[in-house]
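Below is one structure, written out as structure tokens; the observations come after it.
Read the figures in this text as sums done on the coordinates, not as results from a lab. On a predicted model such as this, the values are computed, not experimentally measured, just so you know. Positions of Cβ are backbone-derived with ideal geometry, glycine not excepted, and every protein chain shown enters the neighbour counts.
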Amino acid sequence: MSGEAGRAILIEGIEKAFGKTRILKGVCLNLREGEFLSLVGPSGCGKTTLLRIIAGLESADAGSVRIGGKDVTRLRAADRDIAMVFQNYALYPHLSVAQNLAVPLVMRRLSSLERVPLLRHLVPGHAQRRSAINAQVQQAAEMLRLGHLLHRRPAELSGGQRQRVALGRALVRQPSAFLMDEPLSNLDAELRAGTRREIVELHRRAGVTTIYVTHDQVEAMTMSDRVAVMMEGELLQLGTPREVYENPADLRVAGFLGSPRINTLPVCSAPDGIRLGALHLPLQAEVAPGAELTLGLRPEALHLAAEGLAVQIEHLEFLGAEVLLHARLAAPDARLTARLPIAVAAQLQRGDAVHLRADWSAALLFGADGARIASSASELCLNA
Ligand SMILES: Nc1ncnc2c1ncn2[C@@H]1O[C@H](COP(=O)(O)OP(=O)(O)O)[C@@H](O)[C@H]1O
Ligand SMILES: [Mg+2]
């Protein structure tokens, strides 16, 4: 807030078990100073547990957390200089917005005597401390555009405004890192989109290193510098939104990111390429012949054409500018979804037999264990 950037965060080898169940399996994560990183993954994969360990609200069985070069693994939450925003923002209902924003500062800076209305004026230096707090509250309120709401109580605010007060209360302390755990999941779709932009703008202005937890891949992709994809207690991939989308390291990452979901087709490797039904695709990657592989094709990599994969249309979804075509491929038996411009799909009907041409250069190949076979898209060069 004062122009001071957030600190780098380095998380190494975090292990955590609840009873006999291993929840976090050696999680490593590094954030640059001022970076906005989304931690994304399905519900139950361990995101909240990891965030609580970083915040110091939960202890790890092994591993370390460093913030700004300092090992904070054994520090109490209060000594870590981290602010956390939860899904259920608990504001004090009887306090005004201004008072809610001031709470963390009042608790830290004013003695218990100074918090008593009639006695506070007797404590030396109280007026200066109080006016410093007021100035910081004002600054946070301006940053979050809450200035006109400072005298309201939480009951007189919309859901989005309440969440902004909760963000402001975390921000006012000028923490060196922000941890947000699904802060938008209680808001309706429209408010979510608006508040999403506000959080991004807030991050741009304040520059505080932020870990943003979400199970919503759209939030993760649109808000972040980098995205960390987590599943079953393991970090599967860390990269820019584009990298993890275009170059997923694992079939689970490819399946989790992207809506509609990536198409997957069972294929078999032959000595000089791969076989997809009757199609033969030369492949410039080392794969043992006879291996059962999975070919991934994003819906935008399929186009309507005069020849190609013969499919029958099962369902059409009109989305305005685009149409999602859901179709069945006979051999191998598989469902395919294509994302088509409205102009080319306007005449299509359920039951029609059509051909889909695949953009093979955008195809992704995965081994039986789910790992990507070619490590970059350019290495996997398929021609049909
Ligand atoms: N205090 C706890 N005691 C026992 N199990 C827990 C506890 N907290 C979380 N878990 C379990 O750990 C797993 C991961 O939970 P969580 O970190 O909340 O996942 P996420 O935030 O990704 O949904 C879940 O299976 C959950 O039931
Ligand atoms: Mg959670």
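Sorted fewest first by neighbouring Cβ atoms within 10 angstrom, TYR212, TYR245 come out as TYR245, TYR212.
Taking all Cα-Cα distances within the chain, those exceeding 41 Å account for 29%.
Its residues counted as N, region 260-366 yields a C-alpha radius of gyration over 2.2 N^0.38 Å of 1.09.
Calculated on the alpha-carbon coordinates, the convex hull of region 34-162 measures out at 167 cubic angstrom per residue. Along the axis of the charge dipole computed for region 76-130 (Cβ charges of +1 for Lys and Arg, -1 for Asp and Glu, origin at the Cα centre), the listed residues VAL85, VAL103, GLN128 are led at the positive end by GLN128.
For region 41-101, the Kirkwood radius over C-alpha pairs fed into Stokes-Einstein at 10 °C and 1.306 mPa s yields D = 116 µm² per second.
Of all DSSP beta bridges confined to region 9-246, the antiparallel ones make up roughly 55%.
The charge dipole of the chain, taken about its Cα centre with unit charges on the Cβ of Lys, Arg, Asp and Glu (plus for the first two, minus for the last two), comes to roughly 2060 debye. In the calculated pair-distance distribution of region 101-182, the portion above 19 angstrom amounts to 43 percent of the Cα-Cα pairs. When each of the peptides 109-122, 260-273 is scored by the mean number of other C-beta atoms lying within 10 Å of its residues, the order from highest to lowest reads 260-273, 109-122. Based on alpha-carbon atoms, the Kirkwood radius and the radius of gyration of region 161-229 give Rg/Rh equal to 0.92. Computed over region 230-285, the range of Cα coordinates on each principal axis works out to 37, 23, 22 Å, biggest value leading. Max-minus-min Cα coordinates of region 123-274 on each principal axis give 84, 30, 25 Å, with the largest extent listed first.
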